[in-house]
Amino acid sequence: MERSYDVVVVGAGPAGSVAAQAAASGGASVLMLERRREIGVPVQCGEALSEDVLKEMKLKPDPSWAVNPTNSVKIVSPSGIAVRISERRVTGKVGYILNRKVFDKYLAIRAAEAGADIRVGTYVYGLVVRDGRVCGVRARGVDGDFEVEAKVVIAADGVGSRVARWAGMNTAIKLDDFESGVQFQMVGVDFESPSMLEFYLSSRIAPGGYAWVFPKGEHMANVGLGVLGSRAERRAIDYLRDFVARMPGLARGKVVEINAGGIPVGGPLKQTVKGNVVLVGDAARQVNALTGGGIDSAMRAGQIAGEVVADAIREGDVSEKRLREYERRWREKMGKSHEKYLKAKNVLLGLSDQELDQLAETLSRVDFERISLTDMLRALIKSHPKLLWKLRGLV
Amino acid sequence: MKVDQNLCLRCGGCVGVCPFDAIEATDGSVGPNQRCTDCGICGKVCPVGAIRVGKKL
Ligand code: SF4
Ligand code: SF4
């Protein structure tokens, strides 16, 4: 390891690794630091990824990490009314359930192959600041404390980014915007179809969030839920145990792994570049507020950040003004959809269990192969005029 | 604030909500630094209830 790099990336999740790879491919010298001793472990929640993002990243799905293809979703209302949607008809997408342990490490390996240095088991505990400017990071590794210089620091250190806080941003997240997630990897379970993602909405099952069943193969699934910090009355894991116990296909399954994670669902941060510090992934809250899914956005943002930072370094201009190209580009690419998801989430949060049941009842009679999402929402509003004001923002 | 290391899953969620940047989460342990005010916010989000807050600690 050198003592000075063009770019230091803090955090080796999907956002950090893709950023490190893109920056290194663009000719920058890159060091990526990861507090965990094994990249990808412990797994955090959610392991679903869309096919589109793999294409964009020129990644060929490999069975070692893309363990199970999915092509449809089932949404179940509080009283148990199921709405089944073949995803491709509605959104044109299919996806994969990932093995994050393998996938995250694979992305890090790609970064290394592009030329990035990596240090695992290395805890970043501060920034080196001179004359008000960030010049590097302070870290603690197996060989003790060290400082490393950087022209640009990429903060990929997750929700509530400490790196960004040290750079002077207030990134602590509000309880209203934060889902506490917990997930069991289960075996010996039954579900409708291995290619179907299941979502359960109910204030009883998961206040302010939802429960999910993501099949990982025959009789194996990730079963988890997220609860809103401000609405939950018990620990997330208590809700999950109850959910599993009440589901006939799950109750007799065995838990072989427990994962947890915090999910920011308040929409992306307004500012994602501060001086020469660039925020990507959960640190920038680039998370689908409706589903809590963040890997797609994290990778897209990481790619853009890495490209922009490498260009900026080549040009010798790492000013905030120059680096804001990153912010412009990621907003152009995904800003609108993030706004839409946030709106939809807020609408859903405003619905009572009874209203969710009404909605599901109507939706379960819709032929999704013949109707567009917008037409469907219009039909819905017509049949439930009282829901009108709550749903209008979505059409 | 105190973290039960046996329960803690090292998810880092508490770090994100602490308004005082008072939680250090390494690979081996999660716990407060001297900035902790015992405000209790982190305890509300811990998915497994590993955090205890209060004067009696
Ligand atoms: S939120 Fe709980 S489980 Fe997660 S790191 Fe903090 S103490 Fe550990
Ligand atoms: S009790 Fe408050 S100040 Fe202390 S670690 Fe938790 S959130 Fe931070």
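The values are calculated or read from the model by the stated rules, or taken from the named source; none is laboratory data. These figures come from a predicted structure and were not determined experimentally. Here the Cβ positions follow ideal geometry from the backbone for every residue, glycine too, while neighbour counts run over all protein chains shown.
Side notes on the structure shown:
- Top-ranked residue of the stretch A:126-143 - restricted to ones that are touching a strand residue (DSSP E or B) at 6+ places or on another chain (Cβ under 6 Å) and of a type outside the set (Gly, Ala, Ser), ranked as nearest to the other protein chains (Cβ to nearest Cβ): A:Arg140
Quick grid of which residues meet (1) out of contact with any Leu (no Cβ under 9 Å at 6 or more places or on another chain); (2) more than 26 Å from A:Thr171 (Cα to Cα); (3) crowded, with 16+ Cβ neighbours inside 10 Å; (4) of a type outside the set (Lys, Arg):
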residue: A:Pro78; (1), (2), (3), (4): no, yes, yes, yes
residue: A:Gly95; (1), (2), (3), (4): no, yes, yes, yes
residue: A:Lys101; (1), (2), (3), (4): yes, yes, yes, no
residue: A:Asp117; (1), (2), (3), (4): no, yes, yes, yes
residue: A:Val124; (1), (2), (3), (4): no, no, yes, yes
residue: A:Val129; (1), (2), (3), (4): yes, no, no, yes
residue: A:Gly141; (1), (2), (3), (4): no, no, yes, yes
residue: A:Gly158; (1), (2), (3), (4): yes, no, yes, yes
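- Number of positions in the stretch A:94-124 that are assigned to a helix (DSSP H, G or I) and within 14 Å of chain B (Cβ to nearest Cβ): 1
- Every residue from the stretch A:155-177 that is at pLDDT 95 or above and either assigned to a strand (DSSP E or B) or among the basic types (Lys, Arg) (or both): A:Ala155, A:Arg162, A:Arg165
- Checked against (1) away from ligand 2 (no atom under 14 Å from the Cβ); (2) assigned to a strand (DSSP E or B), B:Val48 passes all but condition (2).
- Test for A:Gly292: is it within 14 Å of chain B (Cβ to nearest Cβ), closer than 15 Å to A:Ser337 by Cβ and touching a residue at least 40 places away in the same chain (Cβ under 8 Å): yes
- Residue match in the stretch B:13-29 (condition: farther than 25 Å from A:Gln183 by Cα, buried (at least 19 other Cβ atoms within 10 Å of the Cβ) and either at the interface with chain A (Cβ under 9 Å from one of its Cβ atoms) or within 11 Å of ligand 2 (Cβ to nearest atom) (or both)): yes
- Candidates are the residues of the stretch B:38-57 that are away from chain A (no Cβ under 13 Å) and either closer than 22 Å to A:Glu34 by Cβ or in contact (Cβ under 8 Å) with a residue 12 or more places away in the chain (or both); the one that is farthest from ligand 1 (Cβ to nearest atom) is B:Lys55.
- Of all residues in the stretch A:208-237 being surrounded by fewer than 18 Cβ atoms within 10 Å (Cβ to Cβ) and within 23 Å of the chain's Cα centre (by Cα), the one that is farthest from A:Gln354 (Cα to Cα): A:Gly217
- Some residue of the stretch A:187-203 being within 14 Å of chain B (Cβ to nearest Cβ) and surrounded by fewer than 23 Cβ atoms within 10 Å (Cβ to Cβ): no
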